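Data block below; observations after.
Derivation of every value follows stated rules applied to the coordinates shown; laboratory data play no part. All figures in this text were calculated on a predicted structure; none of them were measured in a lab. As a convention, Cβ positions derive from the backbone with ideal geometry for all residues, glycine included, and neighbour counts pool all protein chains shown.
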Amino acid sequence: MQNKHLIFVQWTNNFGGLEKLTQTIQAKITDFNLQVLVLMHNKNGIVYNNELKLNAEYPITKLYFSYFNKVRSYKTSIFHLNNAGTKILFATYLAGAKKIVYHFHGTKFSNGLFDQLVWKILGNKVNVIANSTFLKTLIEQKLNLKNIHLIPNIIDTSKFKFAERKLSSPFIITYAGRFTKGKNINVILKVAKILSPDSDDIQFRLYGDGPEKNNIKNAVEKMNLSSTVKLYDFVEDIQEVYHNSHLFLFLSGYESFGNVVAEAILSGTPVLCYKIPALLDIVKQEYFFTQTLDPEEIALKIKQMKSNYGFTIDELKKNYKTLLEYVDNDRIINQFKEIYNKLTE
């Protein structure tokens, strides 16, 4: 009998893109017994069905030992490592697991001497997945890996439905995601400051959490933007946030995919993104990019998109059609299952 037991391994269950992706995949892959093993569990984070527990979390050496023993108990299962790092990959293999999938997320990954050595040993023994063309190329260049599977992040298209926007007041500009320095939320505040004389007509709503949240909150007060910029926590019904927005502003300096950008487009919300390579897979119209992080230039672009909102929506519809095909849920799930089924043969 084939072993249809599948274990997703990841560091956290925080409300981030990777963690939410696991939740979506778990709901859609029903012919495998999919469990989620979270290395550092957050009691206030995402709750997964059928979650595996570790006996220890701290200190880090005890965590690795506990993980090693857990893998030994399930070594005939498929281990899908969600950007878990080279040490976890090596521990998984040493513990006896031979059906391993390593799924890269994010463009920042370690490629030191230890990492190079591990990948040289295990490169042909592990199924490697990248979620964008840019990330695939980066992995090939930095780790000298070949035969990488390109599988886009799955966005639940039954949840994010296109609803055409109409121009109304106030014009709501939204950001949703982690509050970290790389997301350039400080630039969003500078843009808001430039547009603040129009605060009765333009409002900014920023959703999420992260290490920079308090700094952003303090900056809003210091810049006298309390009437223009509102901060919110993560929300479960994020699709409603998109539907109540006129524009999604995303100025991140590095991404491997850009889940929130795809969600916004699928919901019918125009986007304005800082042009980074990973977004080229999902944003096909140059109209929705800014080539600069200059707040003055971005503010001007926002005014232009607002003034020509009918044209903005028409351009979005073109992008929506190509994106919907690219993130087709059945096709993506079948790509995963093809990898898993080959491992159980």
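Would you point out which residue out of 118, 101, 128 is under 16 Å from residue 36 (Cα atoms) and among the β-branched types (Val, Ile, Thr)? Reasoning before the result, please.
Values: 118 fails: under 16 Å from residue 36 (Cα atoms); 128 fails: under 16 Å from residue 36 (Cα atoms).
Every option except 101 fails the conditions.
Evaluate the following for residue 206: is it among the aliphatic types (A, V, I, L, M), surrounded by fewer than 20 Cβ atoms within 10 Å (Cβ to Cβ) and touching a Leu at 6+ places or on another chain (Cβ under 6 Å)? Walk me through how you get there before you give the answer.
Working: among the aliphatic types (A, V, I, L, M): yes; surrounded by fewer than 20 Cβ atoms within 10 Å (Cβ to Cβ): no; touching a Leu at 6+ places or on another chain (Cβ under 6 Å): yes.
Answer is no for this residue.
Which of (1) of a type in the set (Val, Ile, Thr); (2) over 25 Å from residue 281 (Cα atoms); (3) part of a loop (DSSP other than H, G, I, E, B) does residue 107 not meet, given it meets every other one?
Of (1) of a type in the set (Val, Ile, Thr); (2) over 25 Å from residue 281 (Cα atoms); (3) part of a loop (DSSP other than H, G, I, E, B), only one is false for residue 107: (2).
May I ask you to list the residues in the range 55-82 that are crowded, with 18+ Cβ neighbours inside 10 Å and in a loop (DSSP other than H, G, I, E, B)?
74, 77
Please find, within the range 10-51, the residue that is surrounded by the most Cβ atoms within 10 Å (Cβ to Cβ) out of those that are part of a loop (DSSP other than H, G, I, E, B) and charged (D, E, K, R). Steps first, please.
At the first step, the residues of the range 10-51 found to be part of a loop (DSSP other than H, G, I, E, B) are 11-16, 29-32, 39-50.
Add one more test, that the residue is charged (D, E, K, R), and what stays is 31, 43.
Details: 31: 10, 43: 6.
Among those residues, the one meeting the criterion is 31.
Assuming residue 224 fulfils every condition listed in (1) in contact with a helix residue (DSSP H, G or I) (Cβ under 7 Å, 6 or more places away or on another chain); (2) farther than 26 Å from residue 313 by Cα apart from one, which condition is it?
(1)
To keep it simple, each residue is scored yes or no on (1) assigned to a loop (DSSP other than H, G, I, E, B); (2) hydrophobic (A, V, I, L, M, F, W, C); (3) buried (at least 21 other Cβ atoms within 10 Å of the Cβ).
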site	(1), (2), (3)
264	no, yes, yes
268	yes, no, no
284	yes, no, no
293	yes, yes, no
314	no, no, no
325	no, no, no
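Going by what's in this entry, would residue 154 be described as in contact with a Ser or Thr (Cβ under 7 Å, 6 or more places away or on another chain), crowded, with 18+ Cβ neighbours inside 10 Å, of a type outside the set (Ser, Thr, Tyr) and closer than 30 Å to residue 98 by Cα? Spell out how you get there, then give the answer.
Numbers: in contact with a Ser or Thr (Cβ under 7 Å, 6 or more places away or on another chain): yes; crowded, with 18+ Cβ neighbours inside 10 Å: yes; of a type outside the set (Ser, Thr, Tyr): yes; closer than 30 Å to residue 98 by Cα: yes.
Yes, satisfied.
When only residues in the range 91-139 that are within 23 Å of the chain's Cα centre (by Cα) and loosely packed, with under 15 Cβ neighbours inside 10 Å count, which is nearest to residue 340 (Cα to Cα)? Explain how you work it out, then say what you get.
Our first condition is that a residue be within 23 Å of the chain's Cα centre (by Cα); within the range 91-139, this holds for 100-111, 126-139.
Subset that is loosely packed, with under 15 Cβ neighbours inside 10 Å: 108, 110, 133, 137.
Values: 108: 26, 110: 26, 133: 22, 137: 23 Å.
Out of the qualifying residues, it is 133.
Looking at 280, 316, which is the one that is farther than 25 Å from residue 29 by Cα, within 17 Å of the chain's Cα centre (by Cα) and touching a residue at least 40 places away in the same chain (Cβ under 8 Å)?
Working: 316 fails: within 17 Å of the chain's Cα centre (by Cα).
Matching residue, one of 280, 316: 280.
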